[in-house]
């Protein structure tokens, strides 16, 4: 008993120290965003004198900021919607028939192999393709995201389904349910934890991605928040408080979303990963 | 989540989708696209574009900017050449001219509005593929307050510069800051000094080395490398940990007395510290050669050969070189402008403007160096800064040159 | 599958096929075919700009193996990925075990430690670039410690550790959660009966905890391998491949070759080689850990 208590106290201390390591970069970012240029150079670690809000008002006053924010939300949302619909649909038949059918086993390896191939290999050909189809913009971006999310998505979901017994489905089939009904009424709810995991991973990717938007989104009206941030940094590079403020503002939506959802997120990932 | 929630979410999604479909589509065909690779000029371009559209309501023109140079290349590689492109005089773009991606504008009226000497320098195969508008040079920026405090005068030779550095160090002032953490400013600094004070056509030496010579044979080059390395020591922190932003900040905050930078640094320093008393002067003579300010055409505009908006693009270029537009642009851009009727005196840079008027301008070596040559050289330079081994550097430079010039 | 009324298997086959179709089409059209085209390009001498190019077979691949810069990047990535995988494994297991204890504020700690994953890689790199450059120098001034004043990222031998630190700072989040999840699958009774029998903590760990964690660890290692070999964003933000090219990862070399130096087909060839290496090592690794699973 005493050992356990000592263990717990030790763990607590270690975690607290580690927390400092996690928190310091955030602290610096937040604190720097509220300083003026001069303040920053006089004291990097100090708390700001007052809450200098000019940095934020400057960023928020730029209309392109709001456009970029909206674009990021739009792209991420539509992308995740696509993932939530298409990926489970594709993984379910594969997971169930992989064992017996050579066709489906081939399909599994075919679709999962893409995880290992770096994007550079197909970058030029795929952009050329999008250009010739006339969709080298947000539409093309979404198609690329959905195509790219397929590999990891199928990998994770089939892994999860491998440890879900198919009794429920069998019972439903005997009762005369169609495959579609079985999928939507029974399997989809069961797959929820792993779908949450996939959505979170892909959500982070779509929201924070830099490379694909930089190649496909050409006008400020189409750009996402990440691009806005990068351009902003380029334009105002010598004014760090401004850059930090921009970083903060770009991260804020994600942070807020995370704070609200963290119980679900961590819970979802843990539940999903158990079976996988 | 319950079925109702899923359903309502799907409905909202469908709604959002339908609202956003118009915005999803890319730039219309009828809109002219100006692809600028200069982030610093976003605002001034916006102003000029707005003025143009007011005067020409039947044309729509938008500006796209890029985060880095890679996007222009991928646009060309995927056959999506911008209507108007801001390019540079470098082998990558010369290749594109070879491939016929840009319109041959020889003979167009708007070309006559710019300085004919510079226009001549910007031809390729005797054709005008670009309209040059501004130049950039290279300068030694000096904090005059610090100089006056220590009774120093503007150095015209390398030895005078070193003497000043020594005096400053003795007085406890850091002489220089060099942004050598980043490879690009490092390469810029080296090649612009090389092309400005050592050999105004330095690329010819590279060609000679590729044909079988060595850099060590060239006394002026060897001398320069040694002097350049010695100069790089006059910083307080390791120059390899300072980047461009740090450097600008240190100069603006008067933490160092001098920096080398292109003429574009001027607007940065002015915005960081409007009260700073400084001057941009010509680099001092390192040897026998008269120092030139070494640079390149900063803004060179091309028209895509297969563009669907050639006429509108030409109208814009004509407008751009008109007196009021060019004057406005010069004042916003703050770089030396070569449109003939523009009289723009750049604050703090009188020495450089005078030199440019006198024709003391040389093109940077990378104009004619093979693609990626300077990038590779930058890596060798960082190694030199690490170990100070000038002999090893010269030898690697030789090997690298041969490799680049004889690549298939 | 048990048969049922009507023609069940036909309906099921058709539905299954329809389910797969959209993803399969998207994937084939936008991933597989471009990859194949990319492979073709890697065997030409296309430099990204010219309209015409020649087929040169495997010449790019041969050239690559003799290129010093390529080999240096390989050496960098090899050292880096081994360090990264080891550190990540040790740290995420340790962290997972810690977060599994019934400490006070456990929920808060778990959420807090996941937080770094939420900001983007580029932002993370930029923040740390400031910290390594300016932050430590200021700290060194304040505390009077000389060693802190030099930027670790400017030191040719130590820069790799700077990158490693940042990568781990952000990269620990998701694997730790996965380990936490894996720990939940261990039945409590096993642990309790083991300690009643007098097993030490270390023995419990080795014989009970580890076997249950193996599938999770295998998954984490595969993803870590891929991350370590394809590292780019952090290097771009922190060192740009410097100093003197010491932290130039393979992916960074590929991007520079392709875009800055117009050696496009060579860049693609190198990335294909990278892909092959990743696949081979992952397959070996999965096979090894599969053999030691708890449930066959």
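Descriptive notes on the structure:
- At the listed q of 0.08, 0.13, 0.16 Å⁻¹, the Debye profile of the range A:61-275, built from one uniform point per Cα, gives log10 I(q)/I(0) equal to -0.36, -0.85, -1.14.
- Relative exposure of C:256, B:328, C:102, judged by other C-beta atoms within 10 Å (fewest first): C:102, B:328, C:256
- The sum of -39500 (n - 2.57) across all DSSP H runs of n ≥ 4, divided by the residue count of chain B, sets its helix-only mean residue ellipticity at 222 nm to -14000 deg cm²/dmol.
- For chain C, built as a Gaussian network whose Cα springs stay under 10 Å, the top-fluctuating residue of C:281, C:32, C:93: C:32
- Distance from the alpha carbon centroid of the range A:124-194 to that of the range C:88-124 works out to 29 angstrom.
- Using C-alpha pairs under 8 Å with a sequence gap of at least 6, the mean separation divided by the residue count of the range A:61-275 gives a relative contact order of 33 percent.
- Here the average projected area of the convex hull drawn through the C-alpha atoms of the range A:30-168 stands at 14.5 nm².
- In percent, rounded to a whole number, the relative contact order of chain B is 27, using alpha-carbon pairs under 8 Å and six or more apart.
- With both labels modelled 7 Å from their Cα along Cα-to-Cβ, the residue C:205 to residue B:43 distance reads 5.8 nm.
- Residues of the range C:128-143 with amide N under 19 Å of the 7 Å Cα→Cβ point at residue C:168: C:128-129, C:131-133, C:136
- FRET efficiency, residue B:171 to residue B:391 (Cβ-Cβ, R0 30 Å, nearest 0.05): 0.30
- Taking each DSSP H run with n ≥ 4 as -39500 (n - 2.57) and averaging over every residue of chain C yields -20500 deg cm²/dmol at 222 nm.
- For the range A:1-106, alpha-carbon Rg relative to the globular expectation (2.2 N^0.38 Å, N residues): 1.95
- Of C:22, C:175, C:34, the one that fluctuates the most in a GNM where chain C has Cα springs shorter than 10 Å: C:22
- Full-extension gain in nm, residue B:104 to residue B:233, via 0.36 nm per residue minus C-alpha separation: 41.7 nm
- FRET efficiency, residue C:284 to residue B:343 (Cβ-Cβ, R0 60 Å, nearest 0.05): 0.25
- Relative contact order for the range C:138-296, counting Cα pairs under 8 Å that sit 6 or more residues apart, in percent: 24 percent
- Largest-first ellipsoid semi-axes for chain C, taking √(5λ) over the Cα gyration tensor eigenvalues, angstrom: 38, 35, 18
- Taking 17 Å as the cut-off, the amide N atoms of the range B:202-233 that come nearer than this to a point 7 Å along the Cα-to-beta-carbon line of residue B:399 belong to B:210, B:212-216.
- A simple spin-label model places the labels of residue C:143 and residue A:47 2.2 nm from each other, with each point 7 Å out along Cα-to-Cβ.
- At full extension, residue B:211 and residue B:350 could sit 45.9 nm farther apart than now, given 0.36 nm per residue minus the alpha carbon distance.
- Note on the range C:1-116: Kirkwood radius taken over Cα pairs, Stokes-Einstein applied at 37 °C and 0.692 mPa s, translational D equal to 156 µm² s⁻¹.
- For the range C:195-261 versus the range C:60-81, the gap between their alpha-carbon centres in whole angstrom: 19 Å
- Residues A:6, A:185, A:96 arranged by fewest to most Cβ contacts within 10 Å: A:6, A:185, A:96
- D_trans [Stokes-Einstein, Kirkwood Rh over alpha-carbon pairs] for the range B:167-277, 20 °C, 1.002 mPa s, µm² s⁻¹: 139 µm²/s
- Both radii were evaluated on the Cα set of chain B; the Rg over Rh quotient, with Rh as the Kirkwood radius, amounts to 1.03.
- Principal axis dimensions, the protein assembly as shown - Cα atoms, whole angstrom, descending: 93, 68, 59
- FRET efficiency for the residue B:406 to residue B:267 pair, using the beta carbon distance and R₀ = 41 Å, is estimated at 0.50.
- In terms of surrounding Cβ atoms within a 10 Å radius of their Cβ, A:207, B:228 rank from fewest to most as B:228, A:207.
- Residue A:61-residue A:257 pseudo-label distance in nm [points 7 Å out on the Cα-to-Cβ vector]: 2.9 nm
- Among beta bridges that DSSP assigns inside the protein assembly as shown, antiparallel share in %, nearest 5: 60 percent
Readers should treat all values here as calculations from the given coordinates under stated rules, not as data from a laboratory. Remember, predicted model here, so these are calculated numbers, not experimental data. Virtual Cβ from ideal backbone geometry, glycine too; neighbours counted across all protein chains shown.
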